[in-house]
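Notes follow the structure.
The values are calculated or read from the model by the stated rules, or taken from the named source; none is laboratory data. Small disclaimer: the values here were computed from a predicted structure and weren't measured. All Cβ positions, even for glycine, are placed from backbone atoms using ideal geometry, and neighbour counts span all protein chains on display.
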Amino acid sequence: MKTCDLHTHTTASDGSDTPGELIALARSVGLSAIAITDHDTTSGLASGAKASEELGMEFIPGIELSVSFPRGNMHLLGYYINQESASLKSVLAKVQAARAERNPRILARLQELGIPLSMDELEKISKGGQIGRPHIARIMVEKGYVKSVSQAFDKYLKKGAPAYAPKSILSPEQAITTVKEAGGIPVLAHPFSLMPSDEQDLEQIVIDLKEHGLMGMECYYSEHDQAFTAVCLSI
C-alpha cells in the first residue's frame, strides 16, 4: 500500500527540517508522496520539488493559510497550487506583512510578563524562514520559561492568552477563493482546532464552507483521536 503525508512544514515556516531534509526523511521512512504545506508561504516549494524529483517521490505543492474564525483556530490547506499565481502572491504578501507586524507586539507583551525575548533570537531559530508563534514558543522552552511548546501556547500564546496578539488574516471565503484562483484544491485542516461543540456543529461548519467551494477535510491528524477521526470520516 502506498503511503503519503499531505500536511508538512519546513524551515520556510515553522518546521525543523529544510525542504530537502524533509523529502529525504520522507523517502527514508517509505513514503511514496509528500505535500509541503508551509504556513502562508510557498518559498519552500521549489527546493522541495527538486529534491522529490531527485529521489523519485511524487511531490504535491501546497500551502496552509491562516483563516479567521470566531472560536478556536481555522487553517485551510491548498493542494496542487500554482505558486506563480499573481493573486496568490498578492494575498501572501499581505498575510506575511501582518505576521511580521504581529511578532514585535507578542514580544512586547511577553516582556511585560517578565519573559524577555528578542527579534534576533527569533531570526536565528527561524533559519531564515517566516517567523511565527511556534518559534517564540521554542525559544521559551530553550530558555526555561515553559516546559513545552504546548505549554507556551496554553499559558501565553494561544487566542485569549495574555501574550496573544491578533493579526489581520483571511476570511474562510477569501482563503478558499485564493486557493482556487491559484488552481488548487481547498481542504479544511485539522478540524479539531475549530473547537466544534459536537458532530452536528462540525457538520454544519463543513456544509457552510462547502457552499463557498471547500473540497475536502483533513480527517487523519496527529491530534485527532479515533473517535474524532471517525466523526470526520462520517461527514
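Say whether the condition of being outside the structural domain of TYR145 (by TED's automatic domain parsing) and either in a helix (DSSP H, G or I) or over 30 Å from LYS159 (Cα atoms) (or both) is met by at least one residue in the range 34-45. Yes, because at least one residue in the range 34-45 is outside the structural domain of TYR145 (by TED's automatic domain parsing) and either in a helix (DSSP H, G or I) or over 30 Å from LYS159 (Cα atoms) (or both). Among the residues of the range 194-223, those that are touching a His at 6+ places or on another chain (Cβ under 7 Å) and either surrounded by 15 or more Cβ atoms within 10 Å (Cβ to Cβ) or farther than 15 Å from MET74 by Cα (or both) comprise GLU218, TYR221.
Condition check for SER150 on (1) at pLDDT 95 or above; (2) surrounded by fewer than 19 Cβ atoms within 10 Å (Cβ to Cβ): one failure, at (1). Determine if the range 159-173 includes at least one residue that is under 19 Å from the mean Cα position of the chain (by Cα) and of a type in the set (S, T, N, Q). Looking for residues that are under 19 Å from the mean Cα position of the chain (by Cα) and of a type in the set (S, T, N, Q), one finds at least one in the range 159-173, hence yes. Of the residues making up the range 224-234, just one is exposed (fewer than 15 other Cβ atoms within 10 Å of the Cβ) and touching an Asp or Glu at 6+ places or on another chain (Cβ under 9 Å), namely SER234. For the range 39-58, the criterion of being crowded, with 16+ Cβ neighbours inside 10 Å and on the phi > 0 side of the Ramachandran plot is met by at least one residue. Filter the range 57-94 down to residues that are in contact with a Ser or Thr (Cβ under 9 Å, 6 or more places away or on another chain) and in a strand (DSSP E or B), then give me how many there are. Summing the residues that are in contact with a Ser or Thr (Cβ under 9 Å, 6 or more places away or on another chain) and in a strand (DSSP E or B) in the range 57-94 gives 15. For the range 9-27, the criterion of being in a loop (DSSP other than H, G, I, E, B), in the same structural domain as ILE176 (by TED's automatic domain parsing) and more than 22 Å from LEU157 (Cβ to Cβ) is met by at least one residue.
Restricting attention to the range 26-45, which residues are more than 19 Å from the chain's Cα centre (by Cα) and among the polar types (S, T, N, Q)? If the condition is that a residue be more than 19 Å from the chain's Cα centre (by Cα) and among the polar types (S, T, N, Q), then SER28, SER32 are the ones that fit. The residues in the range 106-143 that are closer than 28 Å to SER171 by Cβ and either surrounded by fewer than 14 Cβ atoms within 10 Å (Cβ to Cβ) or among the hydroxyl-bearing types (Ser, Thr, Tyr) (or both) can be counted, and the count is 2.
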